[in-house]
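*Asks:* I have a structure I would like to understand better, so I am pasting it below and will then ask my questions one at a time.
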Amino acid sequence: MLTFAVFFGSLGLKAQTTDIKPPRNSILSSRQEIINEKKASPLPVIDESTVMWKKTVIREIDFRQKINQVFYYPINPTEDWRNFITVIYDGIMSGEITPYRVENNIDDMVTPLTLADFERENTKIGDPPVIWKDGEEVPNEIAFKDRMLNVLRLRIKEDWYFDKKLSQFLVRIIALGPIVVDDDGGLSQVCWIPYEDSRDVLAKAFAFNRNNAAQRLTYDEVLQKRIFDSYIVKEENVYDRYINSYAFNIDALYESERIKNEMFDFEQSLWEY
């Protein structure tokens, strides 16, 4: 009888402990529970017949800038927050986001990548290139999952256009391109991500709001509201070349500012005061 009492008593204790709810870590409910059903707000339909001017530019966001650190942190995911590249990687692994190969000399999305192709193309050989494992030499391969902390930039391809019907100068993001900064300072773009197809994933991922933790921004809202700092690295041109192919250091920054100011001046010249 004593044995049965101890047995059933332990079962009751086990059942009791499993029913205990975890304590709340904030006065607000879990952000992820609230946002799971959230979807990206629809983008305006573009009537091509009313677009009287368009220019494609590519800009880069440097995660090391203070205003852009929201893309890089947290390094370790929490219940509510993941950094930007973890959100993208999880979306690719789940099949919700389709990555496209970075083609030579073009910035268009042409060739979709399977998960196997994506993992293979983004697995690099470390230094030293060969290590000992289980008594034999094997390649020192570093998978992209282990290189994600080295994604320190984000390339954005976008179209600026003037809609004569709306009388508005507007912008539409086309694609996103995470960039790995290697140990030697070299840049390696991981892939192209179609922005519109990835918005629902980004709209379900919170980004840290340094000004007000109760105002729950998502990565999609950060991009749509343009809460970031960036610089232009390319405008569409007859040579199809990036700025760093003909201007360097401070001259490249001046060229980036020239392109930005040129678009601003174009918009201002459309109006009479």
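The values are calculated or read from the model by the stated rules, or taken from the named source; none is laboratory data. Here the structure is a predicted model, which means the values were calculated and not measured. All Cβ positions, glycine included, derive from the backbone under ideal geometry; neighbour counts span all protein chains shown. Protein only, heavy atoms only, side chains kept; ligands, DNA and RNA dropped before computing areas. Shrake-Rupley method; radii C 1.70, N 1.55, O 1.52, S 1.80 Å.
*Asks:* Size of the dipole of segment 132-186 about the Cα centre, Lys and Arg at +1 and Asp and Glu at -1 on the beta carbon, nothing else charged, in debye to 20?
*Replies:* Using Cβ point charges on Lys, Arg, Asp and Glu, segment 132-186 gives about 760 debye.
*Asks:* Taking only DSSP H segments of four or more residues, each worth -39500 (n - 2.57), what value at 222 nm results for the chain once the sum is divided by all its residues, to the nearest 500 deg cm²/dmol?
*Replies:* Only helices count here, giving -8500 deg cm²/dmol.
*Asks:* In addition: Which helices count as membrane-span-like in the chain under these terms: full DSSP H, at least 20 Å along the axis by C-alpha, Kyte-Doolittle mean of 0.0 or more?
*Replies:* In the chain, the long hydrophobic H runs are 2-18.
*Asks:* Could you sort out which of Lys133/Lys157; Lys54/Lys124; Lys66/Lys260 sit more than 31 Å apart by Cα distance in this structure?
*Replies:* Lys133/Lys157; Lys54/Lys124
*Asks:* Moving on to the next point. Straight distance only, please: which aspartates and glutamates reach the Cα of Lys38 with their own Cα at less than 14 Å, same-chain residues fewer than 8 apart left out?
*Replies:* Asp200, Asp220, Glu221
*Asks:* When a/c is below 1.5 the answer is rounded, else prolate if a/b is larger than b/c, else oblate, so apply that to segment 139-273 with a ≥ b ≥ c taken from the square roots of the Cα gyration tensor eigenvalues.
*Replies:* Oblate, since a/c reaches 1.5 and b/c is not below a/b.
*Asks:* Solvent-accessible area per residue for the chain at a 1.4 Å probe radius, Å²?
*Replies:* On a per-residue basis, 62 Å².
*Asks:* So, one more: What shape does the chain take by its C-alpha gyration tensor, where a ≥ b ≥ c are the square roots of the eigenvalues and a/c under 1.5 counts as rounded, a/b above b/c as prolate, and the rest as oblate?
*Replies:* Cα axes put the chain in the oblate bin.
*Asks:* Right, another one. Mind checking which of Thr78, Leu223, Tyr246 is farthest towards the positive end of the chain's charge dipole, using Cβ charges of +1 (Lys, Arg) and -1 (Asp, Glu) about the Cα centre?
*Replies:* Projecting each Cα onto the dipole axis, the largest value belongs to Thr78.
*Asks:* In whole percent, how big is the carbon plus sulfur part of the accessible area of segment 61-213, probe 1.4 Å, protein atoms only?
*Replies:* With neighbouring chains kept in place, the figure for segment 61-213 is 48 percent.
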